[in-house]
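The values are calculated or read from the model by the stated rules, or taken from the named source; none is laboratory data. These numbers were taken from a predicted model, which means no experiment stands behind them. Every residue, glycine among them, receives a Cβ derived from its backbone with ideal geometry; neighbour counts consider all protein chains shown. For accessibility, only protein heavy atoms count, side chains too; no ligands or nucleic acids. Shrake-Rupley method; radii C 1.70, N 1.55, O 1.52, S 1.80 Å.
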Amino acid sequence: MGGQRLGLWSSWAGFRWESGVTVGQYLRALPVAAPFDSRAPMPPPEGLVGAHRARRSGTGTELAGVRPFAPGDRLRRINWPVTLRTGDLHVVDTLAEQDAGVLLVLDALGDHGVSRGVDGSASTLDVSVRAAAAIAEHLIRQGDRVGLRILGRVGTRIPVSSGYRQLTRVREALVRAVPGVPAEMREGVPPIQVPDGTIVIVLSPMLDNLAVGVAVTLMRRGLPTMVVDTMSGQVSPEVARATSPEVARAAWRLRLLERESTLDRLGRSGCPVVVWRGPGTLDEVLRRLARRARVPRVGVR
């Protein structure tokens, strides 16, 4: 806030007193995290530490089976009941633990609807910011790595990392999200640097073709990509003064029909689309991505 000056005058302005310029204090308010929880496992990423079960053997705590002893195995992993029964050394094999790398892509290309604060109606950007804050907090608390890319007037890039300091960075970046099209996206979808094995979550109302292009580009790169639909039911068309309400409502209905067709094409092309509804929103999609990650792939050497 700007500087303020206090002045006092007596009757008929016979006496006057003025204070110096008082400068207010800046207060940064973090976004309110929407209620969110997920019990679904994350798809197997490339990391080797964390809270998720991996596909490869390692020094984790999840039992994978019992196998014959091999050079390099630790003696404390010898399974004596099986060894005495078979007469050969056998060891307990465990699965490694992994941390998941998740990149949150926030669509701030536009803001649709009216924002009336925490307890009032929420615009599409309000829903997206609160959902991103909730997902980031949930993932970081369980030991995963989270990054953020904001597609807005000022493009924000936060590399994938973990820890509560990373959560603070993500929250502060979400507060500074301003709707608008960045200069780098005016001519098309720019390349987005995403490490291999990272799960991409696009939070968008899917009302802009640029956001659709980002989701399709990431999916075609072979990255596990999902779209979280943050279109709130309270969103209504903005009626200009020179436009009649009937024309605006008809145009809005046509835009929603086009949006439904776009979401249907995304789902049929292999990019899951789920409507944001709070706890359990991502569970079914994460289970499907985890099953897809376990399917053998054909590679060329």
Given the structure, is E184 open to solvent by 40 Å² or more (accessible area, probe 1.4 Å), outside any loop (DSSP other than H, G, I, E, B), of a type in the set (D, E, K, R) and within 19 Å of T217 (Cα to Cα)? yes
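Would you mind finding the one in I150, I158 that is more than 21 Å from V114 (Cβ to Cβ), part of a strand (DSSP E or B) and either of a type in the set (S, T, Y) or in contact with a Lys or Arg (Cβ under 6 Å, 6 or more places away or on another chain) (or both)?
Result of the check over I150, I158: I158.
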Out of all the residues in segment 105-128, which are open to solvent by 20 Å² or more (accessible area, probe 1.4 Å) and within 23 Å of L282 (Cα to Cα)? D126, V127
Does segment 102-120 contain at least one residue that is over 30 Å from W252 (Cα atoms) and assigned to a strand (DSSP E or B)? yes
In segment 250-275, residue surrounded by the fewest Cβ atoms within 10 Å (Cβ to Cβ) [restricted to those that are touching a Ser or Thr at 6+ places or on another chain (Cβ under 9 Å) and modelled with pLDDT under 85]: G270
Identify the single condition in (1) surrounded by 14 or more Cβ atoms within 10 Å (Cβ to Cβ); (2) in contact with a strand residue (DSSP E or B) (Cβ under 7 Å, 6 or more places away or on another chain) that R157 does not satisfy, given that it satisfies every other one. (1)
Got a sec? Which of P205, P279, P191, P245 is at pLDDT below 85 and within 21 Å of T156 (Cα to Cα)? P191
